[in-house]
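Structure first, commentary second.
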Amino acid sequence: MNLRRNFGRALRAARRLRNMPQEALDSVSSRTYISTLERGLKSPTLDKIDQIASELNMHPLSLLAFSFVGRQPAQTIDEVLRQVEAEYLLLVEADRD
């Protein structure tokens, strides 16, 4: 699984969904940086994913889910969301200790 490439596909799909050129994200980063992300040449930081998602008016997990879902055998979005929810609840419980 090439996560950088998959994230790039997610970013490109999100931009197209919002009818935004790469330059529309220049408040986050340069068009060159956005282009390198979309081509899978670089990995964004969590902060950068959050900033990009905000500009796209999306939740950051939507970009990450697209990056992971369907890239492994027989994994649907429903399966991934169930797994994430279960693990999230376990993390919340562990954080209470």
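Bear in mind that the values in this text are calculations on the coordinates, not laboratory data. Here the structure is a predicted model, which means the values were calculated and not measured. Here the Cβ positions follow ideal geometry from the backbone for every residue, glycine too, while neighbour counts run over all protein chains shown.
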Search the range 1-15 for residues that are touching a residue at least 12 places away in the same chain (Cβ under 8 Å) and pair each with any residue that is polar (S, T, N, Q) and surrounded by 16 or more Cβ atoms within 10 Å (Cβ to Cβ) when their beta-carbon atoms are under 8 Å apart and the residues are at least 6 apart or on different chains.
L3/S67; N6/S67; F7/S67; R9/S67; A10/S67; R15/Q22
Filtered residues of the range 1-32 (kept if farther than 16 Å from A53 by Cβ and of a type in the set (V, I, T))
T32
Scanning the range 40-87 for residues that are among the basic types (K, R) and exposed (fewer than 13 other Cβ atoms within 10 Å of the Cβ) gives R82
One residue is enough: does the range 60-71 have a residue meeting the conditions farther than 16 Å from L25 by Cα, aromatic (F, W, Y), without any contact (Cβ under 8 Å) to a residue 24 or more places away in the chain and part of a helix (DSSP H, G or I)?
no
Just checking, does the range 23-32 include any residue being surrounded by 16 or more Cβ atoms within 10 Å (Cβ to Cβ), more than 11 Å from the chain's Cα centre (by Cα) and of a type in the set (S, T, Y)?
yes
Condition first: assigned to a helix (DSSP H, G or I), in contact with a His (Cβ under 9 Å, 6 or more places away or on another chain) and of a type in the set (A, V, I, L, M). Can you find one or more residues in the range 24-41 that meet it?
no
It is to be established whether one or more residues within the range 80-92 are in a helix (DSSP H, G or I), within 29 Å of M20 (Cα to Cα) and out of contact with any Ser or Thr (no Cβ under 6 Å at 6 or more places or on another chain).
yes
